[in-house]
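Undergrad: Below you'll find the structure I mean.
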Amino acid sequence: MTKDMRMHIRKNCLVPVRFIYEGEKKTHYARLVNYGDGGLCLKTRTPIEEGAKLELSLEGYTPKESALGAFDSYPVAVCWTKQIPERGLPVYETGLKYRG
């Protein structure tokens, strides 16, 4: 994306998170790099398929409240994934939107 077309402001961060694919039990790990009212962005070592539905868990973030939680879980859907250059290793950024 050359121009930021988002409707909601994003806040940068670097928070460890974990996620599972809907209907599966295997836990995957990532870093949350930004978040906002409209969604989130993760950084991962493997690509996440566009359209995938995930259950994302992270400590200390609640989209509707200011209270901290101990690994609250949020249903999200993958909007896009792209490979980014980083020290010669495959690294991916993935855009997520909240599911109701």
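Read-outs: derived from the displayed coordinates by stated rules, not from any lab. Because the structure is a prediction, the values reported are computed rather than measured. Cβ coordinates were reconstructed from backbone atoms using ideal geometry, including for glycine residues, and neighbour counts include every protein chain displayed.
Undergrad: Cα-Cα over 19 Å: which of Lys25/Lys97; Lys11/Lys53; Lys11/Lys43; Lys53/Lys82? Intermediate values should be presented prior to the final figure.
TA: Values: Lys25/Lys97 21 Å; Lys11/Lys53 23 Å; Lys11/Lys43 15 Å; Lys53/Lys82 17 Å.
In this structure, Lys25/Lys97; Lys11/Lys53 lie more than 19 Å apart at Cα.
Undergrad: If you add up the charges near Lys25, with Lys and Arg at +1 and Asp and Glu at -1, over every other residue whose beta carbon is less than 15 angstrom from its beta carbon, what do you get? Show your work: numbers first, answer last.
TA: Details: positive: Arg18, Lys26, Lys53; negative: Glu22, Glu24, Glu55.
Within the 15 Å Cβ shell, the charges total 0.
Undergrad: Ranking Asp72, Asp37 by Cβ neighbours within 10 Å, fewest first, what do you get? Display every interim value, and only then the final one.
TA: Values: Asp72 16, Asp37 12.
So the ranking, lowest neighbour count to highest, is Asp37, Asp72.
Undergrad: Further question on the same structure: Suppose the chain between Lys97 and Val33 were pulled fully straight at 0.36 nm per residue; how much longer would it get relative to their current alpha carbon spacing? Provide the component values of the computation, followed by the final result.
TA: Numbers: separation 64, 0.36 × 64 = 23.04 nm, distance 1.40 nm.
This chain segment gains 21.6 nm when fully extended.
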